[in-house]
């Protein structure tokens, strides 16, 4: 058993589930006969688009912030994020009556900025480069003494994200496959650990945009390869794996499938038309993997016909005035 | 007790509920703390956007088609409709292994045409005038001997639509108000009768676009006034009340509120952003009535603050490539 399993064992995930219970939604699991017949499999969608602040990120953020003492929280929490972690952390901080200092790139979308403001997050804008994000965050932290909460490379975050799959396994038995998108790997590593502990017969398959396939390259190349110039409409999946998420994924994920951008859009529209729910591009990536006729070269064959497949729909924060099609 | 109550009594609605049970979804009732705090009331959304074929219309269509004998159905069923009734009737006919002849105006949206084709409805296009729709339908019926199924002016249709409110009352007790949009009045008259029989203390409030307010004029003018040149993005609410729906509405609806187009769009976007679900413009009209700051002149005061309000979200058939904003 490797080191991280000592940090994130079954009990730690169950504890996360208890920690967050009162502050997040136990989200619905939806089915669609229509999509089942299009895909040729039985799909069970865990709807984290209905989650507080619109994404699974609320699970990890709440778990982490509620693991901290009143003393720890005195100076507030801080992170850099252009997306759902920023809003989720702001909300979690608000629930504990403390401040959230959020460093956001100055090209962040209005809808993401508004979400952070909605939860009283204190925004500092920076240039949209990783270096400037990190430098600005370091300055904010040295000025405020706030505690940094990393969006994914943190055992408490990973355990929080694991609770989505845990709930799915409690509700739907005998899943052959569980799928999640992969960006920094917080959701995927949490999903993989939940599967390891609560449904070990289920195969974990990750889906990643072809234009941001650092996880795929790292996984099959057997060494950590950071993301360089990722390009995809799935804006939640631009980041690189972390030192904590990579080894969990390496050990407990069976397969990573990459998808074309067109398939992501097709999946989003299909979920819209057939299920009448809003998902953001990142959330559409697993379904895209089941939909695409011509998979990117290098993909291993993905056998999913007639299987029972759980899919984590990661979030639903999509700007109605700026659709990716 | 007036004549129609002999036709549509409590037992007739319960029978409709039994008739359709296996062929429709018992749709979810959703809440949103976020919307409750924006509106200042407790809202309970009956999600007919998740209904089979994407709208409440499946209830009435299935009830009517399943009321017919194999002999009755030999020559098929027929209707003219540019919208959700067309798809719902096609689906119901398919379930009974018979044909659905659908007369559609030649300016119908691709998404509505595709929905009918998806259920093997046999489409005849006509010019987009009521006269041409009726003439073409008469020709089709004289050629095929198919049975006409009117979209709303039919006791079986009304009883079918009544089951949405009936289910809502079963699930949510002590509603102060129930709201539905009004076009031809099938949903509204069904909702009003379900309220009369199953939750008589609840006040029925209809919402109608200001640009298509024939129901409002008929209701307050005490005589049937047909719709003339209606203009609204709520394309399901363009039709006039019927001889059957008007008297039910007259007797059992407490109030009709009209809404501006901007409020309809605002309500759609709010439901998208806060609830992450897709609703079509017609479905947004009741929430629009709760949202609008400056109601159209002539509206009676509508007291909804701090009330428990059920809202029928009538449908979710919205073309992702043709949004009304």
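Just so you know, all these numbers are worked out from the coordinates, no wet-lab data involved. Just so it is clear, the structure is predicted and the values come from calculations on it, not from any experiment. Cβ placement follows ideal geometry from the backbone for every residue including glycine, while neighbour counts extend to all protein chains displayed.
Starting from one equal scatterer on each C-alpha and no solvent at all, send me the Debye-based log10 I(q)/I(0) for the range A:58-148 at q = 0.15, 0.21, 0.26 Å⁻¹, two decimals. Each listed q corresponds, in turn, to -0.48, -0.94, -1.33.
Size of the range A:136-252 from its Cα atoms: along the principal axes, largest to smallest, the extents are 50, 30, 26 Å. Computed from the C-beta positions of residue B:222 and residue A:123, the FRET efficiency with R₀ = 45 Å rounds to 0.20. Taking every DSSP bridge with both residues inside the protein assembly as shown, close to 10 percent are antiparallel.
In the protein assembly as shown, the calculated helix contribution to ellipticity at 222 nm averages -13000 deg cm²/dmol per residue, counting -39,500 (n - 2.57) for every DSSP H run with n ≥ 4. When only Cα pairs below 8 angstrom with a gap of at least 6 residues are kept, the range A:58-148 shows a relative contact order of 32 percent. Counting from the shortest, the label point at residue B:129, 7 Å from Cα toward Cβ, is 6.7 nm from the same position in each remaining copy. Ordered by the count of other Cβ atoms within 10 Å of each Cβ, fewest first, B:210, B:201, A:171 give B:201, A:171, B:210. The angle between the Cα long axis of helix A:281-291 and the main principal axis of chain A comes to about 10°, on a 0 to 90 degree scale. Calculate the tail of P(r) for the range A:65-206: the fraction of all Cα-Cα distances greater than 22 Å, expressed in %. When all Cα pairs of the range A:65-206 are counted, 45 percent exceed 22 Å.
For the segment B:52-59, counting C-beta atoms of other chains within 10 Å of every residue's C-beta and taking the mean gives 1. Relative contact order, percent, of chain A when contacts are C-alpha pairs under 8 Å separated by at least 6 residues? Averaging sequence separation for qualifying contacts and normalising by length gives 21 percent for chain A. Ordering B:32, B:82 by the number of other Cβ atoms within 10 Å of each residue's own Cβ, fewest first, gives B:32, B:82. Residue of chain B with the Cβ closest to the rotation axis carrying B onto A, and that distance rounded to whole Å: B:277, 3. Looking at chain B alone, DSSP beta bridges between its own residues are antiparallel in about 10 percent of cases. Radius of gyration (Cα atoms) of the range A:1-141, expressed as a multiple of 2.2 N^0.38 Å: 1.22. Calculated FRET efficiency, residue A:9 to residue B:25, Cβ-Cβ distance, R0 = 35 Å: about 0.30 to the nearest 0.05.
Each listed q (0.10, 0.15, 0.17 Å⁻¹) maps to a log10 I(q)/I(0) for the range A:217-325, found by the Debye formula over equal Cα scatterers with no solvent: -0.32, -0.73, -0.93.
Ranked from shortest, the separations from the 7 Å Cα-to-Cβ label point of residue A:243 to its equivalents in the other copies are 8.2 nm. Each copy carries residue B:143; placing its label point 7 Å along the C-beta direction from Cα gives inter-copy distances of 7.5 nm, listed from smallest up.
Inter-chain Cβ neighbour count for B:174-182, averaged per residue, equals 0 (cutoff 10 Å, partner chain atoms only).
The alpha-carbon positions of the range A:264-324 define a convex hull whose volume is 102 Å³ per residue.
Take the protein assembly as shown, drop everything but the C-alpha atoms, weight them equally and run the Debye formula without solvent; then report log10 I(q)/I(0) at 0.06, 0.09, 0.11 Å⁻¹ to two decimals. At q = 0.06, 0.09, 0.11 Å⁻¹ the computed log10 ratios are -0.36, -0.78, -1.07. Computed over chain B, the Cα gyration tensor eigenvalues convert (square root of 5λ each) into semi-axes of 29, 21, 19 Å, ordered from largest to smallest. With the alpha-carbon atoms of the range A:90-135 aligned to their principal axes, the span from lowest to highest coordinate is 30, 22, 11 Å, starting with the largest.
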